[in-house]
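Notes follow the structure.
The values are calculated or read from the model by the stated rules, or taken from the named source; none is laboratory data. A quick note: this is a predicted structure, and the numbers were derived from the prediction, not measured. Neighbour counts are summed over all protein chains in view; Cβ atoms, including those assigned to glycine, are modelled from backbone coordinates with ideal geometry.
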Amino acid sequence: MSDNPIVDTSPRTVLFYGMSGAGKGTQARLLVDKLNKKRNTHFLETGQLLRDYAKNAGTEGARHVKDTIDSGGLVPPAVSAYMWSGVLLKSVGSNHNVVFDGAARSIGEAKLFNGMLEWLNRDYSIIILEIDGDTAKQRSADRGENRVDDTDEAMVKRLAWFKEQTMPAIEYMSELGANVYHIDGGKSIDEVHQDILEKLGL
C-alpha cells in the first residue's frame, strides 16, 4: 500500500522489521513508551518469548527451541505463532496497542499472523528499518548482548533469511492491505524514532 503517513486514533498494531542490527528492538521500545502515554501498549518480541520458553520450560519442545536458537536457525511458523498468539488471546484488550518485533518472518507465519489479526478485526502497519549489510553485521557484533546466536555464522544465516524469507512475507502482507513504511535505519536513534512517528501520524 501507499507509503504516505496515516492519521488514526484507533488502537495501533505495528510490526518492526529489519536485518539483525537494524535497531528494531530499540525503536520498538521507544514506540511502546510513546504509545503507552495514551493507551495500554503491549510489546511482543518473538525472539525473547522463544528464549524465555527455551530457558524456563522443561519440555521436549523447549529443548528443540533451544537447539534451534543455539544453531542460529528459526523455529517453524507454528511455534512462533504459538508464542505471540497466546499473548494476544490472553492479555490484549480490543482497545490496546500492540507492537511486534520478530513476528511473521516467513510466508507461512505471515499467513497465520494475518489470519489472526483479521479475525481480531485489527489493521496493522509495518515499519522496515533499512541498513546495509556491513552496518548490520557491525552493529550486531558491537551490541554486546552476548547472545548465543550472535556468532558470525548465525548472523550470516539471519541476514540471508531476511532477504529470502522475510521480504517476501512483507510483500505478501502489503498485498493484503498492510501499510508499509520504509525508514532509513542508518540515522541516529532519535532521528529514526521521529521518522517513525511521522509515518505513523503520531
Query - Cross-chain or 6+ apart pairs with Cβ under 6 Å, the range 174-188 first and within 20 Å of A28 (Cα to Cα), then among the polar types (S, T, N, Q) - result: N179/S125; V180/S174
Query raised in the report: Counting only residues that are touching a strand residue (DSSP E or B) at 6+ places or on another chain (Cβ under 7 Å), among the basic types (K, R) and crowded, with 16+ Cβ neighbours inside 10 Å, how many does the range 30-55 have?
Result: 0
Query raised in the report: Quick one: in the range 172-192, which of the residues that are of a type in the set (A, V, I, L, M) and in a loop (DSSP other than H, G, I, E, B) is surrounded by the fewest Cβ atoms within 10 Å (Cβ to Cβ)?
Result: L176
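Residue-wise test of (1) closer than 15 Å to S125 by Cβ; (2) modelled with pLDDT of 90 or more.
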{"position": "E153", "(1), (2)": "no, no"}
{"position": "S174", "(1), (2)": "yes, yes"}
{"position": "Y181", "(1), (2)": "yes, yes"}
{"position": "E191", "(1), (2)": "no, yes"}
{"position": "I196", "(1), (2)": "yes, yes"}
Query - Residue among G93, G72, G58 that is touching a residue at least 40 places away in the same chain (Cβ under 8 Å), at negative phi and surrounded by fewer than 19 Cβ atoms within 10 Å (Cβ to Cβ) - result: G93
Query - Long-range neighbours under 6 Å by Cβ, at least six apart or interchain, first residue closer than 16 Å to K199 by Cα within the range 109-131, second polar (S, T, N, Q) and assigned to a helix (DSSP H, G or I) - result: none
Query - Any hit, the range 75-86, residues being over 15 Å from R122 (Cβ atoms) and of a type in the set (V, I, T) - result: yes
